[in-house]
Each structure stands twice: as structure tokens, then as C-alpha cells.
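Reviewing the structure listed below.
Every number in this text was worked out from the coordinates using simple rules, so none of it is lab data. Everything numeric here is computed off the predicted structure, so don't read it as measured data. Here Cβ is always computed from backbone atoms with ideal geometry, including for glycine, and neighbour counts include all displayed protein chains.
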Amino acid sequence: MSITVKNLDYTYPSGVTALNNVSLKINKGEYIAIMGANGAGKTTLIKHFNGLLKPTKGHVLVNDIDTITSSVAEMAKIVGFVFQNPDHQLFLTTVEEEIKFGPTNFDFPEEQIQEDMEKVVTFLNLKNLLKRSPFSLSEGERKRVALASVLVMNPEILILDEPTMGQDAIQKRNIAKMINELNQQGRTITLVTHDVEFVAECQPRVVAMTEGRVIADGMAKDVLTNLEILAKTKLRPPQITALAWEIANQEQSFPKDVITISEMKTNLLEFRR
Amino acid sequence: MENIIQIRNLKFSYRPSRQPAIREIDLDIRKGEYIAIAGLSGCGKSTFCRCLNGLIPHFYRSGVMKGSVTVDGLDTRELPLYEITQKVGMVFQDPESQLMALTVERDIAFGPENLGLPREEIRARVEEALELVKIAHLRERAPHELSGGEQQRVAIASVLALQPKILVLDEPTANLDPAGAVDVLNIIENLQVQKKITVIIVEHRLELALQSATRLLIMHDGTLVFDDKPEKLIAKDIIPAEAYGVQMPSLIQLFTQLMDEGHSFSQIPFNIPLAASIILSELGSARSTSE
């Protein structure tokens with residue numbers, strides 16, 4: 001078991017209740033997307049996964065450690081957290097220092113730090129930016145630096161808040177590929193995203209949230225083709241799903257639960273026969 | 001039709017020693033066009049936007065600008081920034097960076113107040129802007145309490161109160177959820193249709209932007225590598241488009257893949273209803289010819 005959320009409530013000091021009786025189990029090695037409208041409580045939920053926020057009520061267990069009793073530093077070795085806004089985690093003068101900061105603080109051996117850094121910068125296409133200041137970089141580049149500085153710690157659980165936001169097509173594909181690889185290496189991945197097209201192609205388990213509650217939890221294919229859930233979470237169906245619905249409007253035998261391009265092609269060719 | 005923007009031999013570096021962010025751009029934009037700009041991160045899109053609204057050269061003074069940008073017949077180098085902002089309204093990715101007043105209404109009034117306009121005129125402009133972006137019901141609210149999509153609409157309204165002829169939007173939907181993004185893009189389309197405002201929008205979500213844009217620019221490494229109707233993008237090879245950071249909407253990918261596999265279609269659709277009707281009529285007719 002990786003993460004267990006039990007009857008979690010969270011109320012901000014301002015009095016706003018952001019989470020309302022959330023229960024959720026994330027197994028080791030799973031790949032989960034948490035989806036929902038702005039303000040649904042997604043980010044508040046994942047901030048509990050590394051102890052940044054402590055439950056107002058209920059419990060969050062990470063590898064059987066209760067986050068109430070553990071420090072964020074302790075959790076940082078297990079849980080890597082990549083913020084939505086990279087400026088919230090970048091503060092050093094060069095990209096290289098930024099990436100080395102975590103492992104240096106944990107006294108990893110210098111050679112290993114160098115080796116791990118080489119790996120992530122190659123992976124994230126940051127090699128020729130190592131000497132630059134993070135603040136001279138574009139939004140998309142800064143986001144990759146923030147991701148690199150977390151990945152270099154080799155966390156067992158990786159939490160990403162809107163990893164594809166502001167990324168161009170190539171970086172998006174790289175991120176999708178990288179997340180898949182990290183997941184195949186056995187890491188647990190939890191990400192928050194609005195990007196239905198990304199989720200349609202990557203097909204993680206989807207947890208849908210509205211107003212601080214989980215309203216659906218299932219396969220991407222089931223959640224993203226459910227009109228009621230989409231409406232409640234203010235998500236739009238993937239383009240391919242919308243096309244399937246439009247076709248099914250006129251040809252009732254056409255399946256409505258189609259989310260990927262390849263599924264759509266198969267269905268179209270079958271339908272043609 | 002009249003060119004509202006003329007760009008000649010534009011080059012720009014943020015510092016004399018730095019690589020140029022804009023290497024060479026020549027471009028004419030006609031009044032009332034709706035232009036989408038795409039490209040890899042770091043390709044110069046945001047720099048280009050700053051050239052349009054005069055932040056370059058007036059604000060980024062340590063930079064080196066060559067060539068000229070003419071907006072509504074006037075050279076931006078010779079026009080003070082406050083005059084350019086009345087011609088070119090700029091909306092950024094993060095609406096919070098643009099909002100500062102305690103109520104929505106005050107925020108929208110800020111620009112016209114600073115121009116020293118008469119009270120009645122300010123009031124009329126605020127009302128019009130509130131109506132145009134459909135946020136009259138939010139007038140008394142504090143901008144920081146609103147959702148991202150609402151905040152972005154307030155930011156657009158604040159810019160509209162200066163009655164610009166051109167609206168430049170730098171990834172205005174990047175921080176919004178899908179419903180908020182659609183809201184904002186619908187509002188923008190409306191402005192272009194109703195008010196004949198020229199729209200220039202940097203947008204990664206082509207599946208949304210291409211429903212309204214009549215012209216697509218792709219930037220790469222500080223130059224324009226594509227400038228044509230969006231449909232033409234498909235006629236060219238799909239792979240170079242992606243190398244330039246342009247993510248083909250999955251609808252377009254579907255059609256391109258079907259065409260690669262030997263199907264032919266009368267056109268490539270950019271919206272769902274058209275796509276469905278093309279599939280139903282043309283994949284169907286393929287059935288009758290192949291049998």
C-alpha cells in the first residue's frame with residue numbers, strides 16, 4: 001500500500017472547507033490522475049500526501065506512516081512533490097545548483113549526485129541550461145527544472161500538480177513518456193490535471209473531485225465518457241469522445257465510450273463494414 | 001483591407017550580448033483578423049507580443065530593437081506607452097498579475113481613470129466592458145476571490161475599457177480549467193465578431209483556438225515558419241508541425257491517420273459536428289464504392 005486517505009476533512013485557517021470526508025487508496029505502482037474544476041480541492045488533497053498539510057479530521061498514511069506524526073523533510077525522501085507554479089520551488093542562482101540542492105542536503109555521495117543529475121537533465125532536455133539562472137528561463141523550462149530537482153531524489157512516490165500546463169507539444173509528449181517510464185520502474189504516480197486529452201492518451205486511473213469530495217473513481221475510459229461526471233467536474237470530453245457522441249447521435253449503434261484515436265479508428269472501420 | 005499592424009525587419013535581443021529573441025519578422029495584419037500563434041516554449045512568442053504593445057522597446061530598455069512595428073499607422077518607437085495601450089490591449093497568462101483593485105468595477109475603471117476621462121465616460125466604458133465579457137453580476141466582488149476563468153474575464157474587461165482596436169493575449173487560458181478556457185475563448189471570439197477587434201492570441205490548445213482563428217502563425221527560433229490558414233497546416237507534413245511544438249488536435253490526428261491509411265476526405269474538419277458529418281457521409285460512401 002502506498003497512500004491511504006481515511007475520512008479526510010480539511011478546513012483552511014480562513015474557515016473555507018476544502019476537503020469533505022475524502023477516502024481513497026492508492027496502491028504501490030499505480031498511476032492516478034485527480035481531475036476536477038478549479039477550486040475542487042485537488043491541490044489541497046495532494047498536499048496531504050507529503051505532509052505539507054495535516055488533516056483537520058481523518059488520516060493520511062503514506063507507506064503506513066501517519067503524516068500527522070511525520071515531518072515534511074522525512075516525507076521528502078519517499079514523496080517527491082512538483083508544484084503547479086515552478087516559482088514556488090525554485091530559489092537558487094543556477095539550474096545546476098537547483099537540481100543538486102536536494103541530494104546535497106541529504107548528503108548523497110557527490111558522484112551519485114552528478115550521475116543522477118546527468119540522467120534527469122538528459123531526460124528533460126535541460127543540458128544546455130545548467131549554467132542559466134532559473135528565473136531567466138521560460139515558464140515551460142522552469143517547470144522542467146522544478147521537475148528535475150524532484151526526480152533527482154529518486155522518490156518512490158511522485159506527485160505532480162498540473163505537469164503539462166504551459167508545455168508545448170514536444171515537452172508534453174516527453175513528460176507523458178517520462179511519467180510512463182517512471183511508473184513502469186515501479187514508482188507510484190499521482191498527478192492533478194485538467195488536460196483531458198493527456199489523460200485520454202495515457203489512461204491512468206481517474207479520481208474526479210467536486211467541491212471537496214470524490215465523486216468518481218475508475219478507469220479513464222469510464223470517467224471521461226460519463227456526461228454527468230464531466231458536467232459536475234466542469235471537464236469537457238476528449239475530442240475523440242465528443243466525436244463518438246456526435247456520430248452516435250445519428251447512428252445509434254456507434255459506441256459512446258471511445259477515448260483514444262486508435263480505438264476510434266477501430267470502431268470507425270468496423271462500423272463501415 | 002487595411003493593415004492595422006505592419007512589421008518590417010523586426011529583430012530584438014534582451015541584451016546586446018544575448019542571442020536575439022526575435023531574429024527576423026516581417027508581417028502584415030489586417031483589421032479584424034483572428035490570429036493564433038503557436039510554437040515551442042522559448043521560440044519568441046511572448047517577446048513578439050511585447051513588441052506589439054510597445055513594452056518593447058519602451059519598457060525593456062536594455063534590449064536592442066531593429067526594424068519597425070507600425071500599429072494603426074503609427075510607429076511604436078515614436079508613440080508613448082500610454083497611447084499604445086489604448087490601441088493594443090494586452091492580456092497575460094496569469095490574470096492575478098494584472099488585477100489589483102478591491103472590486104471588479106474599480107479594476108475596470110482604473111485604466112480610463114488614469115487617462116483622465118470624464119466621469120460619465122468612465123462609467124459608460126465600465127458598463128460596456130462588464131457587458132461584453134458577461135461579468136456584470138460580479139461587479140462588486142473582489143477579484144482575488146473569483147475563479148481563474150472569472151479573473152481572466154475581469155482582466156480582459158479592464159483592457160477593453162481602454163477601447164483598444166487590437167487585443168493581444170499571451171496564453172490566456174493556460175491557468176484555467178477546460179470550462180473556464182472555453183468561456184474565455186468564446187468571449188474573445190464574440191469581441192472579434194461584434195466589435196471587429198483584431199485578435200492575436202498565443203494558445204497551445206489548438207483544438208480550442210482553431211475553432212475561431214482564421215490565420216495561424218507558427219514561430220520557431222525567433223522567426224515565422226508558418227503563416228497561413230490553419231487548414232493549410234494539414235496539407236503540409238504533420239511531423240514538421242509537431243517539431244515546431246504545435247500539437248495537432250486529436251481530431252486532426254484521427255483524420256490524418258485515416259488519410260495515411262488510404263481513406264480520402266473532401267476536407268479536414270476543425271470542429272466536431274463537421275467531423276461527424278464528414279465521417280458519416282464520406283466513410284459511408286467509401287463503403288458503397290469499395291463493395
With label points set 7 Å from each Cα along the Cα-to-Cβ direction at B:Lys195 and B:Lys31, the distance between them in nm comes to 1.6 nm
Using 0.36 nm times the number of residues separating A:Ala231 and A:Ser253, minus their current alpha carbon distance, what extension gain do you get? 5.5 nm
Could you work out the longest stretch of chain B that avoids the trypsin sites (Lys or Arg not before Pro) located in DSSP loops with at most 10 other Cβ atoms within 10 Å? B:62-195
What distance in nm separates the two pseudo spin-label positions at A:Arg213 and B:Gln163, each 7 Å out from Cα along the beta-carbon direction? 5.0 nm
Student exercise, segment A:1-117 dipole from Lys, Arg, Asp, Glu Cβ charges, in Debye to nearest 20: 920 debye
Can you tell me the length gained on complete extension of the stretch B:His58 to B:Tyr14, counting 0.36 nm per residue apart and subtracting the Cα distance? 14.6 nm
From the cross-link list A:Lys42/B:Lys134; A:Lys256/B:Lys45; A:Lys47/A:Lys221; A:Lys28/A:Lys131; B:Lys66/B:Lys229; A:Lys177/B:Lys66, which pairs have alpha carbons spaced over 32 Å apart? A:Lys256/B:Lys45; A:Lys28/A:Lys131; A:Lys177/B:Lys66
Could you calculate the FRET efficiency of B:Gln257 with B:Thr223 from 1/(1 + (r/R0)^6), where r is the beta carbon distance between them and R0 is 30 Å, rounded to 0.05? 0.50
Rounded to one decimal in nm, the spacing of the 7 Å Cα→Cβ label points at A:Asp9 and A:Asp222 is 2.9 nm
When you take every Cα atom in chain B, what is the radius of gyration, and what is Dmax, the widest Cα pair distance, in Å? 20.7, 74
Ordered by number, the GluC sites (Glu not before Pro) in segment B:105-195 that occupy a DSSP loop and have at most 15 other Cβ atoms within 10 Å are B:Glu140
Only four residue types carry charge here, +1 at the Cβ of Lys and Arg and -1 at the Cβ of Asp and Glu. Report the dipole size of the protein assembly as shown about the Cα centre in Debye, rounded to the nearest 20. 440 debye
